[in-house]
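Below you'll find the structure, written out as C-alpha cells, and then a few comments.
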Ligand SMILES: C[S@@+](CC[C@H](N)C(=O)[O-])C[C@H]1O[C@@H](n2cnc3c(N)ncnc32)[C@H](O)[C@@H]1O
C-alpha cells in the first residue's frame, strides 16, 4: 500500500504510538551497542530514532518506499543511511546487519514472505529478524474503535483484519516459513493520549493508511455518520487509548 501523506500527518495519526512500540521491538530483537541494524519500512523514523539511540546513527540503516517519509526520517536521524526502497528488494549486501527490524510494515508489503526473506538475507548468520503488527481486531483500541464504527454504517467495509501479521501467531508462522530459527512471539504494548474527541478524529481525515484512505473516499454524509459512531464510543474530555501489537523474533540460520 502506498503512503502518500506528509510525515507530520503520519505523526498525528499513528506516530504518537511509535515510541513505546519501537522500544519494545528493539528489546525483543536484542538491539544493543556495537551492532549494525536495519529498519525496514521506516516511515518518518520512529523506530529509526530508537535504533540510533541504542547503537549510534553510523550503525543504523533504514528504508521505505515513500520518498517524503525517507526525507523526514533522514532529517530526524542525521548520519543514518536512509534510502528509498522496498522490503522485497533491499539495497544491501548479504549479512550486512546484526539485526533487521520492521515495525507495522509486514501487512503493507506487496509480498510479505519475500520481504521477510530479504530481511533474513541482509542479516548475518546468528543475527535477529523482528517484526510487529497491530492486533487490529482487539488490542489496538484506536483502530478497533474506528472499524467498529465503520461496521455500523457500512457492513461491506473490509477493515484491516485481513492484513498479514494482524492475527496472533501469524508473523511467527511467516518467520518459520521463511526459514528463520528459534522463532519466539508475543505482545508489545503502547498507548496514546488524546486531548479530546477532535484530537482523535481529525487525524483520520488526513488520508493516512487504510483508515485514512477509507475516510477520504467517503461522501460527506457517510463521513459524518462514522464520526458520530466513533464519538458515541469514546469518552468526552481527555482520554488514553491502549494499543497491543503482535511481534515475532527469529534467528538467521548459519
Ligand atoms: C504503518 S507505517 C509504519 C512506519 C514506521 N515503521 C512506524 O512504525 O512508524 C507502514 C510503512 O510501510 C511502508 N511500506 C509500504 N510498503 C512497503 C514495502 N513493500 N516495503 C517496505 N516498506 C513498505 C510505508 O511506506 C509506511 O512507511
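Rule-based calculations on the coordinates, nothing more; no lab input. Since the structure is predicted, the reported quantities are computational estimates derived from the model, not experimental observations. Here Cβ is always computed from backbone atoms with ideal geometry, including for glycine, and neighbour counts include all displayed protein chains.
Tabulated results
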quantity	calculated
Extended-chain gain in nm, criterion 0.36 nm per residue less alpha-carbon gap, residue 138 and residue 154	3.8 nm
Max mean-square fluctuation residue, GNM over the chain, Cα-Cα springs under 10 Å, options 46, 126, 24	126
Among 193, 39, 138: highest mean-square fluctuation, GNM of the chain, C-alpha pairs under 10 Å	193
Bridge type composition, segment 90-241 - antiparallel percent by DSSP, nearest 5	35
Top of 43, 30, 222 by mean-square fluctuation, Gaussian network on the chain, Cα under 10 Å	222
Of all DSSP beta bridges in the chain, antiparallel share, percent nearest 5	55
Tilt relative to the chain, helix 112-121 - C-alpha long axis, 0 to 90 degrees, to 10	30
Against the rule of thumb 2.2 N^0.38 Å, how large the Cα Rg of segment 7-251 comes out	1.00
FRET E, pair residue 240, residue 33, Förster distance 30 Å, beta-carbon r, rounded to 0.05	0.40
With Cα atoms, 0 to 90° folded angle of helix 18-29 axis to the chain main axis	30
Virtual paramagnetic centre 7 Å along Cα→Cβ of residue 182, amide N under 13 Å, in segment 97-130	125-129
Two-site FRET efficiency, residue 224 against residue 57, from Cβ-Cβ distance with R₀ of 41 Å, rounded to 0.05	0.35
Packing-based ranking, highest mean first, of 168-174, 16-22 given that Cβ atoms within 10 Å are counted	16-22, 168-174
Paramagnetic label zone (point 7 Å from Cα along Cα-to-C-beta, residue 96; backbone N under 18 Å) in segment 23-41	35-41
On Cα atoms only, tilt of 67-76 relative to the major axis of the chain in degrees	70
The chain, relative contact order in percent, only Cα pairs under 8 angstrom and at least six apart counted	22
